[in-house]
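**Student:** Okay, here's the structure, questions in a sec.
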Amino acid sequence: MVTFGTDTVAVAMVLLSAGPVSAYRPFVSTDAAVADPKEVEIELGALTLDRTGHENTFTTPSVVVNYGVWERWELVGQFGVQEGSGTEITDPGVFLKGVLKDGVLQDKDGVSLAVEAGPLLPSTVKGQRGVGFEASGILSARLAPVTFHVNLGGGVDRSDARPFANWGLIGELPVSSKFRFVSEVNGESTKGQRPNNSVLVGFIWQPSSANIFLDAAVRRGISSGAPDWEVTAGVTFGFKLAPSTRHEPGS
């Protein structure tokens, strides 16, 4: 049986070899890829500023942790800390994501297909303290030189279990092996609420050979239920957990 010691986890980010990172900040949508078994990917939003009218809301930090549990499957946990009229925990959730068909994101021909589903956990925001559920289908493909990712999903929200549907389209244009321009158009429609649709433009940059990616983007709301503007910046990094070495007595 493989065991993990606390010392191993503490130094893993510095000492252990890292696997590929998808760097799927700064998007709302995602791609049809998962972390390899025993690999951890962390998406850390250092700052997100939403502006609607004359009101500003800061979310810092926002965290997404992806852990490869089996071949082709990962667990995803997320939450944000929002500063506005007070400090709130926003958008917590736990999801299981799996690759159903290998394709361009697995270095094979054709499209990559994946599914992601799980509970939306209670937030501390007023009106969002219930439990919901969300599921999405994901398709990733490449039309050289652009890689794109299509998301379609839905579920029930934390507020009175109201049904919602969401969608997203990501586009990536590589400028070099370490820098790419990115864009996203996405939306969400919830029963009884105004639609939340927006468009994003930004970049993802790998500053060195280390498995670290920096991102920054600007998002513009294109419907009445979305913030007028959003500015976001963050970092994504990954590492591989390894079994701790157990020393038997007398060894």
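**Student:** On the given criteria, is Ala117 assigned to a loop (DSSP other than H, G, I, E, B), surrounded by fewer than 18 Cβ atoms within 10 Å (Cβ to Cβ) and touching a Phe, Trp or Tyr at 6+ places or on another chain (Cβ under 9 Å)?
**Tutor:** No; evaluated as a whole, the condition is false for this residue.
**Student:** Please go through region 228-251 and pick out each residue that is at pLDDT below 60 and surrounded by 13 or more Cβ atoms within 10 Å (Cβ to Cβ).
**Tutor:** Correct list: Ser244 only.
**Student:** Identify all residues within region 128-145 that are loosely packed, with under 15 Cβ neighbours inside 10 Å, among the β-branched types (Val, Ile, Thr) and not in a loop (DSSP other than H, G, I, E, B); write none if there are none.
**Tutor:** Within region 128-145, none qualify.
**Student:** Looking at Ala35, Ala46, can you tell me which residue is surrounded by 15 or more Cβ atoms within 10 Å (Cβ to Cβ), in contact with a strand residue (DSSP E or B) (Cβ under 7 Å, 6 or more places away or on another chain), outside any loop (DSSP other than H, G, I, E, B) and at pLDDT 80 or above?
**Tutor:** Testing whether each residue is surrounded by 15 or more Cβ atoms within 10 Å (Cβ to Cβ), in contact with a strand residue (DSSP E or B) (Cβ under 7 Å, 6 or more places away or on another chain), outside any loop (DSSP other than H, G, I, E, B) and at pLDDT 80 or above leaves just Ala46.
**Student:** Quick test for you: out of Lys108, Lys97, pick the one residue that is among the basic types (Lys, Arg), in contact with a strand residue (DSSP E or B) (Cβ under 7 Å, 6 or more places away or on another chain) and either surrounded by 15 or more Cβ atoms within 10 Å (Cβ to Cβ) or free of Cβ contacts under 8 Å to residues at least 60 places away in the same chain (or both).
**Tutor:** Unique residue meeting the criteria: Lys97.
The values are calculated or read from the model by the stated rules, or taken from the named source; none is laboratory data. Note that the structure is predicted; figures quoted are calculated from it, not measured. Glycine gets a Cβ as well: all are built from the backbone with ideal geometry, and neighbour counts include every protein chain shown.
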